[in-house]
Amino acid sequence: MADQDAQSPVGSEPPALPVLRWDELPEGPLLVLLDQTRLPVEEVELVCTDVPALVRAIRTLAVRGAPLLGIAGGYGVALAAARGYDVAEAAGLLERARPTAVNLGYGVRRVAAAYAAAAEKGVGAAEAAAVALAEARALHREDAQASRRMAEYGTALLEELLPGRGYQLLTHCNTGALVSGGEGTAFAVALRVHRQGRLRRLWVDETRPLLQGARLTAYEAARSGMAYSLLTDSAAGSLFAAGEVDAVLIGADRIAADGSVANKVGSYPLAVLAKYHHVPFIVVAPTTTVDMDTAEGTSIIVEQRSGQEVTELTSPQVVSAGGGGGMVVAPLGSPAYNPAFDITPPELITAIVTEEGVISPVTGVGLAELCARSSQVTIS
């Protein structure tokens, strides 16, 4: 188990991560991404000059995380419009890039709708493209604001549930600035607790099979000077049994209308463990992650990924591209079960924290009322 004690004093903040930006060059606009498949070894930028390049970046997890996928999808539509490509075709390619993360489709449809509305008014192509870019930038700003509010609501909830104490928090996958226009979702709550001087330790599941916890969450925790420890997913139960977990914080890729949550595979077992050990299990996600058109968790489409991610050990960018070539750890031809996500039912969830407030207990009625208050959930 890797341990890291806090390195930087509270209030000493590292520079913001350059996760995604829009650039205007003489030869045309482009979208620049921090290639997350290269972390934590190196920070390398990936340049997308067209939508097919962005779709490849999404499918290979160079850019990932539900809120950031929505932002990237929105900028992808704006990129197609600015470069004179078929916007409707580009939107379709982007929306199909990953089926489970509802934010991707939301961002794509929102910016495409803004573009279409401008075009219907008879404005020129350049002006309609400018409208699309403005909408993508607005989505980016809104997500940053939502991140800040979720952190505030989440820390207040922890104080309500566990008053007057420091916390040992367990998290799964990656939910920080690498998935957001701001400082993240669940990780943003832990980061705010850290800045208050109340984070005793952040337990980081390595998150099989692509190690988003080990490669990305540990990277962000170390960068922020947080006290953290990395553990294998299968070791979480022993932490609960030892009383070393005060609360679980995870994100979400899709939340169904009944409050069921799809998140990185391994989340559901944590919810079962938390329930048994009477530990709060908290989901932190923006309202753009809520899909009111999906009635219940069993209706959520769960992405199935390549079995090579289980039968071989290799760098994530190679596996994600389907190339193989890693170190074989299973007999040749072994079948593998490799869902990208699992579904946690609402009865196992203590609370869902959004930028509009907290839902607890988690019910479909409560979720619908909360989403009705949000100006962001406007396109299904």
- [ ] Could you grab the pairs with beta carbons closer than 7 Å, sequence gap of 6+ or different chains, first residue in the stretch 269-280 and on the phi > 0 side of the Ramachandran plot, second one at pLDDT 95 or above and open to solvent by 50 Å² or more (accessible area, probe 1.4 Å)?
- [x] none
Task: Matching residues, the stretch 46-77, being within 17 Å of residue 215 (Cα to Cα) and free of Cβ contacts under 8 Å to residues at least 60 places away in the same chain - done: 63
Task: Exclusive hit being at pLDDT 95 or above, of a type outside the set (Lys, Arg) and open to solvent by 20 Å² or more (accessible area, probe 1.4 Å), set 312, 347 - done: 347
- [ ] Scan 136, 128 and give me the residue that is under 20 Å from the mean Cα position of the chain (by Cα), at pLDDT 95 or above and of a type outside the set (Phe, Trp, Tyr).
- [x] 136
Open item on the list: Suppose we keep only residues that are of a type in the set (Ser, Thr, Tyr) and part of a loop (DSSP other than H, G, I, E, B) within the stretch 1-59. Which one would you say is modelled with the highest pLDDT?
Closed with: 49
Task: Filter pass, residue 105 being out of contact with any Asp or Glu (no Cβ under 8 Å at 6 or more places or on another chain) and either modelled with pLDDT under 95 or open to solvent by 10 Å² or more (accessible area, probe 1.4 Å) (or both) - done: no
Task: Count - residues of the stretch 176-186 that are open to solvent by less than 10 Å² (accessible area, probe 1.4 Å) and either assigned to a helix (DSSP H, G or I) or among the acidic types (Asp, Glu) (or both) - done: 3
Open item on the list: touching a residue at least 60 places away in the same chain (Cβ under 8 Å) and open to solvent by 10 Å² or more (accessible area, probe 1.4 Å): is that true of residue 142 in this structure?
Closed with: yes
Task: Considering residues of the stretch 191-250 that are in a loop (DSSP other than H, G, I, E, B), in contact with a helix residue (DSSP H, G or I) (Cβ under 8 Å, 6 or more places away or on another chain) and open to solvent by 20 Å² or more (accessible area, probe 1.4 Å) only, the residue nearest to residue 152 (Cα to Cα) - done: 196
TODO: Would you point out the residue of the stretch 145-174, among those that are free of Cβ contacts under 8 Å to residues at least 24 places away in the same chain and assigned to a loop (DSSP other than H, G, I, E, B), that is nearest to residue 250 (Cα to Cα)?
DONE: 163
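Residues are listed down the side, and each one gets a yes or a no for (1) assigned to a helix (DSSP H, G or I); (2) open to solvent by 10 Å² or more (accessible area, probe 1.4 Å); (3) modelled with pLDDT under 95:
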position	(1), (2), (3)
293	no, yes, yes
298	yes, yes, yes
322	no, yes, yes
332	no, yes, yes
337	no, yes, no
352	no, no, no
362	no, yes, no
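The values are calculated or read from the model by the stated rules, or taken from the named source; none is laboratory data. None of these values were measured; they are calculated from a predicted model. Using ideal geometry, Cβ is built from the backbone for each residue, glycine included, and neighbour counts are taken over all protein chains shown. Note: areas computed on protein heavy atoms with side chains; ligands, DNA, RNA excluded. Shrake-Rupley method; radii C 1.70, N 1.55, O 1.52, S 1.80 Å.
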